[in-house]
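Worksheet for the structure shown next.
The values are calculated or read from the model by the stated rules, or taken from the named source; none is laboratory data. Nothing here was measured: the structure is a model prediction, and the numbers come from that model. A quick note on method: Cβ atoms are made from the backbone with ideal geometry, for glycine too, and the neighbour counts reach across all protein chains shown.
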Amino acid sequence: MRKSLSTTNKRMCKMSWSTVLCYHHDDPIQLVGTLNGGQSFRWTHDKEKDEWTGVFSKTIWKLKQDGHHLLYQVKGSLLGELDCSRMLKKYFRLNVTIKHSYKRWSEKDELFKTAYQQLHGIRMLHQEPVENLFSFICSQNNHISRISSMVEKLCEHFGEEISIVDDVAYYSFPEVEKLAKPEVEAKLRELGFGYRAKFIQKSAAQIVEWGGIEWFNSLQDMTYKDARQELMKLYGIGPKVADCICLMSLNHLEAIPVDTHVYQIAARNYLPHLRGKKNVTEKMYMEIGDHFRNLFGEWAGWAHTVLFCADLKKLQQKENDSEEPKQKKKRKK
C-alpha cells in the first residue's frame, strides 16, 4: 500500500535544481561512467532528459551535470534535515583531487591513457558498507541488470518506502538487522536469489553479532590487508567481494577487485603468462592485484575502476553491434 508523502517530502519534491561545484582544478564529473559502471546498482538514467534518479542515505536524488557543476534535486528522504552538499561531496568524493593522479597514471601506462581519454571524470563512489556488501553478494555470477533487480527486491521487501516519484515507489536499503532474521533466507529463495539467499542472511547475522555498523567502522582503521581478511570471515564472502567493500566503502583505495573483466585486462595487456587460464587462482588473484598496486600506487583501485569501465564500455558496444544484424534480419521478414 502506498504511503502518503510527508509535508517535508512534498516540499522537497517541488525543489528547483540546486548546485554543487565540482572543483575547477579537477575533471568535471562524468555521471554515466560513475553511476552505470558497476559500482552502484540503484541508479536509472532518463536519456531524453539526461537525468539520473537513485537512492543513497535513505534519500531519493535526481542528478544531472552541467560542466563543472553537479545539479541535484531531493525527491524524498527518511532523514530529518539534510546537508545535501556535504552528502553529495562525500558520496562522489568531490573533495578528492584526482586530476594529478590521472596525469601521472597516463604517463606511466598507455592503456590507462587511452581509457582516460575516453572516460574523463570517473569518480570512485564512497558508499554505505551495508548496501555495498549485500549488493555485491548479489553480483556473484550475475550481470548488471539482474543485480539491479535483486537489489531493488531487497529494498522493496526489507527496506522502508521513502516516497513515490513519477509513479515509482522508492525504498531505502534495509538495515542489516532486518536481513539477519532467520526467515529471510526462505523469503529470498522465493524471490529468486538462489544460493545467494543463504549468503545474505548468514553474513547479516554475523555482522549483527559482531557489532553492526560499528564493526564496519573498525575495518576502516585497519590496514587494507587486515580489513580484507576480516571481511572474508563472513559467510560466502570471497576475495573479490571483500575487495569491493574495501575499495568502495572503507577507504582502502589500494584494493583491486579481480573479476573476469579485470583478469582479461591483466592477461591481455600486462601479464601475458596468465592468458588462457580457466580459473583465477588465489595466487593469480594476488599477482594481478599486486601488479596494479605497483603500477599505480596507493590509489590503484581508482585507476583500476577507470580501466574496468573502459573495458565494460567496449563489451557493451560489441553487444550492441552484434544485435544490429539480428534486428535488420527481423525487419526484412
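For the reader, a short list of remarks on this structure follows.
- In the stretch 266-298, the residues that are crowded, with 18+ Cβ neighbours inside 10 Å and touching a residue at least 60 places away in the same chain (Cβ under 8 Å): Phe296
- Note on the stretch 124-174: residues that are touching a Leu at 6+ places or on another chain (Cβ under 9 Å), surrounded by fewer than 18 Cβ atoms within 10 Å (Cβ to Cβ) and part of a loop (DSSP other than H, G, I, E, B) amount to 1.
- Residues considered: Lys89, Lys108. Of these, the only one that is buried (at least 17 other Cβ atoms within 10 Å of the Cβ) and under 22 Å from Leu247 (Cβ atoms) is Lys89.
- Within the stretch 278-293, the residues that satisfy the criterion of being out of contact with any His (no Cβ under 8 Å at 6 or more places or on another chain) and assigned to a helix (DSSP H, G or I) are Glu282, Lys283, Met284, Tyr285, Met286, Glu287, Ile288, Gly289, Asp290, His291, Arg293.
- The numbered conditions (1) assigned to a loop (DSSP other than H, G, I, E, B); (2) in contact (Cβ under 8 Å) with a residue 12 or more places away in the chain; (3) of a type outside the set (Phe, Trp, Tyr); (4) over 18 Å from Ser40 (Cβ atoms) are all true for Gly194 except (2).
- Exactly one residue out of Gln140, Gln118 is more than 16 Å from the chain's Cα centre (by Cα), within 26 Å of Asp259 (Cβ to Cβ) and touching a residue at least 60 places away in the same chain (Cβ under 8 Å): that is Gln118.
- Complete set of residues in the stretch 49-83 that are outside any strand (DSSP E or B) and farther than 24 Å from Ser135 by Cα: Lys49, Asp50, Gly67, His68, Gly80, Glu81, Leu82, Asp83
- Any chance Arg189 is within 29 Å of Gly301 (Cβ to Cβ), surrounded by 14 or more Cβ atoms within 10 Å (Cβ to Cβ) and modelled with pLDDT of 95 or more: no
- Subset of the stretch 158-167 (residues that are closer than 18 Å to Leu133 by Cα and touching a helix residue (DSSP H, G or I) at 6+ places or on another chain (Cβ under 7 Å)): Phe158
- Top-ranked residue in the stretch 30-45 [being part of a loop (DSSP other than H, G, I, E, B) and of a type outside the set (S, T, N, Q); ranked as surrounded by the fewest Cβ atoms within 10 Å (Cβ to Cβ)]: Gly38
- Scanning the stretch 247-265 for residues that are part of a helix (DSSP H, G or I) and free of Cβ contacts under 8 Å to residues at least 40 places away in the same chain yields Thr260, Tyr263.
- Checking every residue in the stretch 199-220 against the condition of being crowded, with 22+ Cβ neighbours inside 10 Å and acidic (Asp, Glu) gives zero matches.
- Positions within the stretch 237-285 being acidic (Asp, Glu) and within 16 Å of Asp226 (Cβ to Cβ), in sequence order: Asp243, Glu254
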